[in-house]
Amino acid sequence: MVKKICVSQLRQGMYLCGTDRKWWDIPFLTTKFLISSDAEIETLREYCREVFIDLAKGLDVAAPDDNEPASALAAAAESGPLPQFYRRFESVLETVRAGGGIDFGAVAEIASDLTVALDNGAVSLDRVAGRSLADPALVHKSVSVCLLALGLARHLAVAPDLLRHTAIAALLHDLGLLGLPQSIIGKAAELTGAERSVLRQHVSAGLALLHGVPGVPAEVLEAVWGHHERPDGAGYPRGLVAGQIGLPARLVAVASVYEALISDRADRPAQTKLDALGYLYAASPAQFDAAVVAGLIEVLHAYPPGCIVELVSGELALVGAEPANDLSGRRAA
C-alpha cells in the first residue's frame, strides 16, 4: 500500500517510493529506497513537502501516542532484509573459520533468497552501499556483490541456471581472503610487491576451500577462479583473454570492483557511485567487459531517461527511454 505523507512525518525504516519533486531536482540516484539515516530524512525535508511511502516494504507513520525510542526504530531498520542476509552468510563464514568447511547448501539457499528479494523489490540495487571500516568486510562485500551481479545477470537476460551460478560465485568469490594475513588486507598504505603477491593467493585459497565440496557446479568454480582475469590478458592467475573468461566471472569482476570503489578503505575514502562507474567505464574494454560495465550503469540508473548528457563534441543530448547500444563519447553534464 502506497501512502502520501508530509516530510515532517518521515522516520527511519520507511520505504520511500516517490516524492513531489522531479527525480533530477533532488540529490538522490533514485526515489525508491529504504530510509536508513537522519541525513536522508533531512535532505528530503529540505527539498520536498510531501513524499510517498510503501507500507509493504517499510514502516508507517508513527501514531500520535507512539513514544517508541530512536533505538527501537533503528532496531526495526536493522531487522530488514539485508542485515538478515549478512547474519546468515556470517554464520557460513564462521563455520569455515572454525575448520568446518563450506556449507554449500546454505550458500546456495542464501543466493536463491537474495534473487527472490531482488525480484520482488524487498532489496534494491540503488541502495547497495559501500562498507565503512567498521563493517565486517567480507560479509558485506559478498552480499553486495551478489546483489549487483544478480542485477546485471537479470539485465542481460542470463539463463536461469547461469544466473544461479553467478549469484553463488559472487557470494564465494573472495572466500580465500579468510586465510590471508589481516595486516595485508587492512593495510593503510600501498602494498609492496611481495604483499600484492600474497593477496593474489586468495584466488587459489578460495578454490582450495571449495575443492571436494559436494554439489559445487563447475561454473561456480570457474567464476571464482576467473574473477580477477582481464579481457586484455593482464589479469591473474591464468592471464586469460576476453573470449576465455566466462560470463559469470565477468559479471562478478565488475560488481566486485564497483563495490570496492564505493567502500572506505584504510588507505583511501570511498568514491561516489558516479565516480566509481566512471572509473569502470574508463578502464573498459581493457580491464573489464564493456557490455557488462554499460549494463551496470543502466541498472543503477546513473543516466536515467530525462537526464542531460554532454557529448565529446560539446553537444548536449537528452537521454531517451531506450538504452544506447554504444556509450562511447558520452559523459555526464
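The values are calculated or read from the model by the stated rules, or taken from the named source; none is laboratory data. From a predicted model like this one, the values you see are computed outputs, not experimental measurements. Note that each Cβ is placed from the backbone with ideal geometry, even for glycine, and that neighbours are counted across all protein chains shown. Ligands, DNA and RNA are excluded from the accessible area calculation, which covers all protein heavy atoms including side chains. Shrake-Rupley method; radii C 1.70, N 1.55, O 1.52, S 1.80 Å.
The modelled label-to-label distance between D275 and I184, using points 7 Å beyond Cα along the C-beta direction, is 2.8 nm. Each part gets one Cα centre, and for the range 118-185 versus the range 1-16 those centres are 29 Å apart.
Here the gap between Q84 and A62, fully extended at 0.36 nm per residue and compared with their Cα-Cα distance, gives a gain of 5.5 nm.
Accessible area per residue (1.4 Å probe, heavy atoms of protein chains only) ranks W24, W225 as W24, W225, with the largest value leading. For S256, the shell of other residues with beta-carbons less than 9 Å away shows a net charge of -1, using +1 for Lys and Arg and -1 for Asp and Glu. How far is helix 290-299 tilted, in degrees, relative to the longest principal axis of the Cα atoms in the chain, given as a value from 0 to 90 rounded to the nearest 10? With both axes taken from Cα atoms, the answer is about 30 degrees. For the range 114-157, the direction-averaged projected area of the alpha-carbon convex hull comes to 3.1 nm². This model, with +1 at the C-beta of Lys and Arg and -1 at the C-beta of Asp and Glu, gives the chain a dipole about its Cα centre of some 400 debye. For the range 89-163, a Kirkwood hydrodynamic radius built from all Cα pairs, placed in the Stokes-Einstein relation at 20 °C and 1.002 mPa s, yields a translational diffusion coefficient of 159 µm²/s.
Mind checking the per residue accessible area of the chain for me, 1.4 Å probe, whole number of Å²?
49 Å²
Each residue, A218 and S132, gets one label point 7 Å from its Cα in the Cβ direction; the gap between the two is 4.6 nm. For the pair I26 and K3 in one chain, pulling the backbone fully straight at 0.36 nm per residue adds 6.3 nm over the alpha carbon distance. Computed from the coordinates I sent, Rg and Dmax of the Cα atoms in Å equals one of (1) 20.8, 64; (2) 19.7, 69; (3) 24.7, 84. Tell me the label. Among (1) 20.8, 64; (2) 19.7, 69; (3) 24.7, 84, the one calculated here is (1). First select every other residue whose beta carbon is under 11 angstrom from the beta carbon of L199; then total the charges, Lys and Arg +1, Asp and Glu -1. So the environment of L199 carries a net charge of +1. Taking the chain as a Gaussian network of alpha-carbon nodes connected by springs under 10 Å, the highest mean-square fluctuation of the residues S256, S183, S36 belongs to S183. Calculated FRET efficiency, T95 to R45, Cβ-Cβ distance, R0 = 56 Å: about 0.80 to the nearest 0.05.
Comparing mean-square fluctuations of K32, K22, K57 from a GNM of the chain with C-alpha springs under 10 Å, the top value falls on K22. The accessible surface of the chain, taken with every protein chain in place and a 1.4 Å probe, is 55 percent carbon and sulfur. Here the spin labels are modelled as points 7 Å beyond Cα on the Cα-Cβ line, and at D267 and A157 they lie 4.2 nm apart.
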